[in-house]
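**Q** Below you'll find the structure I mean.
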Amino acid sequence: MRWTGRRSSSNVEDRRGLRVKGAGGIGLGTIVLALIALYFGGDPSIVLQGVQQTGQPERVAYQESAEEAQLREFVSVILADTEATWGEIFASAGGDYREPTLVLFSEAVESACGFAQAAVGPFYCPADERVYIDLSFYRDLHARFGAPGDAAQAYVIAHEVGHHVQTLLGIAERTMAARRGLSTAEANALSVRQELQADCFAGIWAHYADRSRQMFEAGDLEEALNAASAVGDDRLQQRSRGRVAPESFTHGSSAQRASWFKRGYESGDVAQCDTFAASL
């Protein structure tokens, strides 16, 4: 991607080195539930509810590596580019885009949605309108998920920002209300639609980044599509369990995730991302 030398966002909060003394942490059961966040998104207000920190934060020395410094700059530039994309889209509809904050953390973090360890992966918290990421996740993205490249890394940020857009549009709140009283399978199916829409919104960002600002290079679209496919529920379940249970999907299959990202990329049109009305 052609990202160097571009504007960085001022909405980055660095909490690396901010540790919680005596934190209760997250038990194995919560870690299993929090895989929804590890699969790029979800609503940690559900996953992390009831998980509380028990200690007080303290600042300790944090030594940033050269690789981390570059990643910090990279995510700041990508966040700035999502701000440009969604600011333009909201303005064209007569609205104002309220920019989210991206929080960098190491090992664990306290959010308005609860206390989370790095094992939950990147997540968006609607209660404080912040995207949280431990940059070490990008090593897992390459090594564990088989999705290398800066466009794959950018997809992670764009997907989480997609959840922020859903919050601003009231979609997240309506989806949360609709879940009440549903069976587990029905709630999972609704979650899949919400996640696929965030993928489509990520594709809309890619559309503008590529065609309006020429950030994409040869192979970048394929990298992003590979990342979306790599975190499909079917692929993740097959690897972790040795079998696939579609009724337990919360994010969609590999084919669905890549397809909806591509739809957003090709159209650049929010109206094309109505996963709730689509036949999946």
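The values are calculated or read from the model by the stated rules, or taken from the named source; none is laboratory data. Treat the numbers as computed from the prediction; the structure is a model and nothing was measured. Backbone-built Cβ (ideal geometry, glycine too); neighbour counts: all protein chains shown.
**Q** Taking the criterion of being touching a Ser or Thr at 6+ places or on another chain (Cβ under 7 Å), of a type in the set (Ser, Thr, Tyr) and part of a helix (DSSP H, G or I), would at least one residue in the stretch 245-257 satisfy it?
**A** Yes, there is a match, as at least one residue in the stretch 245-257 is touching a Ser or Thr at 6+ places or on another chain (Cβ under 7 Å), of a type in the set (Ser, Thr, Tyr) and part of a helix (DSSP H, G or I).
**Q** From the residues in the stretch 172-191 that are within 25 Å of Val161 (Cα to Cα) and among the small types (Gly, Ala, Ser), which one is surrounded by the fewest Cβ atoms within 10 Å (Cβ to Cβ)?
**A** Per the criteria, the residue is Ala177.
**Q** Here's a follow-up. From the set of residues in the stretch 192-238 that are hydroxyl-bearing (Ser, Thr, Tyr) and buried (at least 19 other Cβ atoms within 10 Å of the Cβ), which is nearest to Ser259 (Cα to Cα)?
**A** We begin by selecting, within the stretch 192-238, every residue hydroxyl-bearing (Ser, Thr, Tyr); these are 208, 212, 229.
Next, only the ones that are buried (at least 19 other Cβ atoms within 10 Å of the Cβ) stay: 208, 229.
On the way: Tyr208: 18, Ser229: 9 Å.
Here the residue is Ser229.
**Q** Test of understanding: among Arg213, Arg241, which residue is over 23 Å from His142 (Cβ atoms), of a type in the set (Lys, Arg) and over 18 Å from the mean Cα position of the chain (by Cα)?
**A** On the way: Arg241 fails: over 23 Å from His142 (Cβ atoms).
Within the list Arg213, Arg241, the selection yields Arg213.
**Q** Let me ask something additional. Name every residue in the stretch 154-181 that is charged (D, E, K, R) and farther than 21 Å from Leu221 by Cα, in order of residue number. If you could, list the steps in order and put the result at the bottom.
**A** Taking the stretch 154-181 and keeping what is charged (D, E, K, R), we get 160, 173-174, 179-180.
If the condition is that a residue be charged (D, E, K, R) and farther than 21 Å from Leu221 by Cα, then Glu173, Arg174, Arg179, Arg180 are the ones that fit.
**Q** Mind checking which residues of the stretch 92-109 are surrounded by 18 or more Cβ atoms within 10 Å (Cβ to Cβ) and part of a strand (DSSP E or B)?
**A** Selection gives Leu102, Val103, Leu104, Ala108, Val109.
**Q** I'm trying to understand the selection: among the residues of the stretch 94-132, which are on the phi > 0 side of the Ramachandran plot and in contact with a Ser or Thr (Cβ under 8 Å, 6 or more places away or on another chain)? Give the derivation first.
**A** The initial filter retains those residues of the stretch 94-132 that are on the phi > 0 side of the Ramachandran plot, namely 94, 107, 114, 121, 129.
Result: Gly114, Glu129.
Rundown of residues vs (1) under 23 Å from Thr85 (Cα atoms); (2) at pLDDT 95 or above; (3) surrounded by 13 or more Cβ atoms within 10 Å (Cβ to Cβ); (4) hydroxyl-bearing (Ser, Thr, Tyr), yes/no style:
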position	(1), (2), (3), (4)
Ser240	no, no, no, yes
Phe249	no, yes, yes, no
Gln256	no, yes, yes, no
Ser267	yes, yes, yes, yes
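**Q** Out of Gly264, Gly252, I need the residue that is touching a residue at least 12 places away in the same chain (Cβ under 8 Å) and in contact with a Cys (Cβ under 7 Å, 6 or more places away or on another chain). Which one?
**A** On the way: Gly252 fails: in contact with a Cys (Cβ under 7 Å, 6 or more places away or on another chain).
On inspection, the qualifying residue turns out to be Gly264.
**Q** So, of the residues in the stretch 128-171 that are among the small types (Gly, Ala, Ser) and surrounded by fewer than 21 Cβ atoms within 10 Å (Cβ to Cβ), which turns out to be nearest to Arg72 (Cα to Cα)?
**A** Of all residues in the stretch 128-171, those among the small types (Gly, Ala, Ser) come to 136, 143, 146-147, 149, 151-152, 154, 158, 162, 170.
Those left that are additionally surrounded by fewer than 21 Cβ atoms within 10 Å (Cβ to Cβ): 136, 143, 146, 149, 170.
Working: Ser136: 11, Ala143: 20, Gly146: 21, Gly149: 15, Gly170: 30 Å.
Taking the candidates together, the pick is Ser136.
**Q** Something else: Got a number for residues in the stretch 93-114 being within 18 Å of Gly170 (Cα to Cα) and of a type in the set (Gly, Ala, Ser)?
**A** 3
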